Amino acid sequence: MKYCFSKRIQKTPKSFIREILKVTQQPEVISFAGGLPNPSLIDTEGILEAAETVIKEDGRNALQYSNTEGYLPLREYIAERYRKRYGLLISSDEILITNGSQQCLDLLGKILIDKDDAVLIERPGYLGAIQAFSLYEPEFFSVGLFEDGPDTNELQNIVSEENPKIFYGIPNSQNPSGITYSREKREEIGEILSDTDTLFIEDDAYGELNFTDEIFEPVKKYLPDLGVMTGSFSKIISPGMRLGWICAPTEIIDKISTAKQASDLHSNYLSQRIITQYLQTNDIDIHIQKIRSEYSNRCSFMTRLMDEMFPAEIGHTSPKGGMFIWLTLPQNISSQKLFEKAMEKNVAILPGYPFYVNGGGDNTVRINFSNSDEDDIRKGIEVLSDIFADTDKI
Ligand code: PMP
């Protein structure tokens, strides 16, 4: 049977990660390929208690339809947290709750991108954003990343020449590279975009997983009218509850709300109620501190082993937060071959080339550290270093 699919969906690639995860999720595989939060850090007891309270005390409302923007006390909580963490003055009218922050990217694509519009993302860039925006058929441009953030000369040139509708970036612990933008880069981006029409979409999925004492102020602080932030409860409470949010000027929220009504009416209301109850009765900062210190330990353990065991010409980033380390191999080494060799030894890594919208990146690798314990990290890094010792084979 030949189905007449739209050109749009025919041109959109399947998520490479979801495909790879099918082969790497066998129990015998040590997987550095995925991006899962560590299951031991999900507070099942606390969530159970919150769910029980909500359903027992207000079940008939919590299980009913609700409004598109989301549960007001939750939106107020998020606005207040922006104020406390960053001194950002946001009103609850500027917050809309989504089914995971991934949905923000689809909705933003829907309301902003027409076919062939210029869309700028980081190089390497988040695969989920590439996929979400691809459905709206833009022309992608990419800006390179240094250890302290985007190449601002390249950014300036692309912005002047292409006038992109949006620049999508992840200033805190970027997926896939683990890079965090410096304060200077954030200010520079603010300056470059300030007299343009380019919206800066600031994906802050990892902002709370900051391993340092430094406060990284959002780019939105320098671009109040052009800054749109997206946030998520996935990495700090639970990804399965599928709750995130978008923070944007009210004119944008209004259009997002229309697009969301057409998509799914509103976000899972029961999840919104349970998470609000959870936040009201638990100290989320203590919980986040636990996640930060666990991930920070795993990250430094892994980078230390890489320094000890990998040949000097294998470069790695030194993340200040998040869940990923990025490897740069010598040009002649293929990360796809490394993936195949490592899988023969039951170790999974993620080749980096799908994160490049304009080609390249064949010698790059994304490594996840949040989902493996120290034993597995040691075994996995040993396997990779054995393969690197015999580079003729890759
Ligand atoms: N943005 C980034 C940068 C991510 O890494 C992820 C999760 N992989 C998401 C958004 C989507 O997360 P969620 O939909 O669970 O909030």
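The values are calculated or read from the model by the stated rules, or taken from the named source; none is laboratory data. The structure displayed is predicted, hence computed values, not measured ones. Cβ sites come from the backbone with ideal geometry, for glycine too, and all protein chains shown count toward neighbours.
Here are the numbers:
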{"item": "Inter-residue pairs, beta-carbon under 6 Å, first free of Cβ contacts under 8 Å to residues at least 24 places away in the same chain and in segment 122-139, second away from the ligand (no atom under 15 Å from the Cβ), 6+ apart", "result": "GLU139/ASP116; GLU139/ALA118"}
{"item": "Among the candidates ASP225, ASP285, ASP254, ASP307, residue that is at pLDDT 95 or above and in a loop (DSSP other than H, G, I, E, B)", "result": "ASP225"}
{"item": "Residue selected from segment 200-231 under the condition of a type in the set (A, V, I, L, M), more than 18 Å from the chain's Cα centre (by Cα) and surrounded by 16 or more Cβ atoms within 10 Å (Cβ to Cβ), by the criterion nearest to GLY149 (Cα to Cα)", "result": "LEU223"}
{"item": "Count of segment 204-263 residues which are farther than 20 Å from SER66 by Cβ, out of contact with any Asp or Glu (no Cβ under 8 Å at 6 or more places or on another chain), within 16 Å of the ligand (Cβ to nearest atom) and not hydroxyl-bearing (Ser, Thr, Tyr)", "result": "8"}
{"item": "Restricting segment 113-133 to residues that are near the ligand (Cβ under 10 Å from one of its atoms) and in a helix (DSSP H, G or I), the residue that is farthest from the chain's Cα centre (by Cα)", "result": "ALA132"}
{"item": "Breaking point among (1) part of a helix (DSSP H, G or I); (2) within 21 Å of the chain's Cα centre (by Cα); (3) not acidic (Asp, Glu), for TRP326", "result": "(1)"}
{"item": "Residues being of a type in the set (Ser, Thr, Tyr) and within 24 Å of SER134 (Cα to Cα) - total across segment 327-386", "result": "3"}
{"item": "Selection count, segment 8-28, where residues are in contact with a helix residue (DSSP H, G or I) (Cβ under 9 Å, 6 or more places away or on another chain), at pLDDT 80 or above and in a loop (DSSP other than H, G, I, E, B)", "result": "1"}
{"item": "Lone qualifier among THR44, THR53 - being closer than 30 Å to VAL347 by Cα, at pLDDT 95 or above and more than 15 Å from the ligand (Cβ to nearest atom)", "result": "THR44"}
